[in-house]
Amino acid sequence: MSYGITLFIVAFGGAVGAVSRFQITNWFIQWFGNSFPYATLAVNVGGSFIMGALMSALTHGTLISPHWRPLIGVGFLGALTTFSTFSFDTLVLFTQGEWLKAALNIIANVLLCLFAVAIGYQLLIKAQ
């Protein structure tokens, strides 16, 4: 695959990921309000799960072709998951004096994302 086509694929995946993140954020704000960054947590955990499953499938080479990595892993997940937003949300909580919420946000994002990536990885190993 040429470099130009790969760039297009990454850009397309990124556009879909960004729009998905925008919509997920709107849904979570409607459902839960904005007192805690639930949407950021949800996309980080979900994206980590998908990344674990993708990397498992690519590592073992039985379910998908490596050509999907630029679209899904780099483009879509790169735009969907939001570590920079997580960092900013946490900073805002700290600056508002919401120390407990900030600490909970850090712990929940790190632990749940690590758990999600491990589960996603293991599920695809077992599916093979």
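Relative to the dominant Cα principal axis of the chain, helix 99-127 is inclined by about 20°.
Here region 2-37 is scanned for amide nitrogen atoms under 12 Å from the site 7 Å beyond the Cα of E98 along Cα-to-Cβ, giving 33-37.
Report, to the nearest whole %, how much of the accessible area of the chain belongs to carbon and sulfur atoms, 1.4 Å probe, protein only. Don't skip to the end; give the middle numbers.
Numbers: 5710 of 7690 Å².
Its accessible area is 74 percent carbon and sulfur atoms.
Computed from Cα positions, the angle between helix 38-60 and the longest principal axis of the chain comes to roughly 20 degrees. Geometric descriptor of region 33-98, per residue, is 77 Å³ (volume of the convex hull of the Cα atoms).
Counting only heavy atoms of protein chains, what accessible area per residue, in Å², does region 28-105 have with a probe of 1.4 Å? Could the numbers behind the result be given before it?
Numbers: 4340 Å² over 78 residues.
With the other protein chains kept in place, region 28-105 gives 56 Å² per residue.
When all protein chains stay in place and ligands, DNA and RNA are ignored, the 1.4 Å accessible-area order of L111, L58, largest first, is L111, L58. What label, among (1) 29, 18, 11; (2) 21, 19, 15; (3) 27, 15, 13, belongs to semi-axes √(5λ) of the Cα gyration tensor in Å computed from the structure on display? Of the labelled values, this structure produces (1). When the surface is traced with a 1.4 Å probe over the full set of protein chains, V117 keeps roughly 50 Å² accessible. The angle between the Cα long axis of helix 3-32 and the main principal axis of the chain comes to about 30°, on a 0 to 90 degree scale. At an R0 of 22 angstrom, the distance between the Cβ atoms of L111 and Q30 translates into a FRET efficiency of 0.25. Calculated from the alpha-carbon coordinates, region 19-66 shows an Rg and a Dmax of 14.5, 43 Å respectively. Distance from the C-alpha centroid of region 7-77 to that of region 79-126: 14 Å, rounded to the whole angstrom.
The values are calculated or read from the model by the stated rules, or taken from the named source; none is laboratory data. Predicted model, so just to flag it, every value in this text is computed and none were measured. Positions of Cβ are generated from backbone atoms using ideal geometry, with glycine treated the same way; all protein chains shown enter the neighbour counts. Ligands, DNA and RNA are stripped out before the accessible areas are found, and what is left, the full protein with its side chains, is counted by its heavy atoms. Shrake-Rupley method; radii C 1.70, N 1.55, O 1.52, S 1.80 Å.
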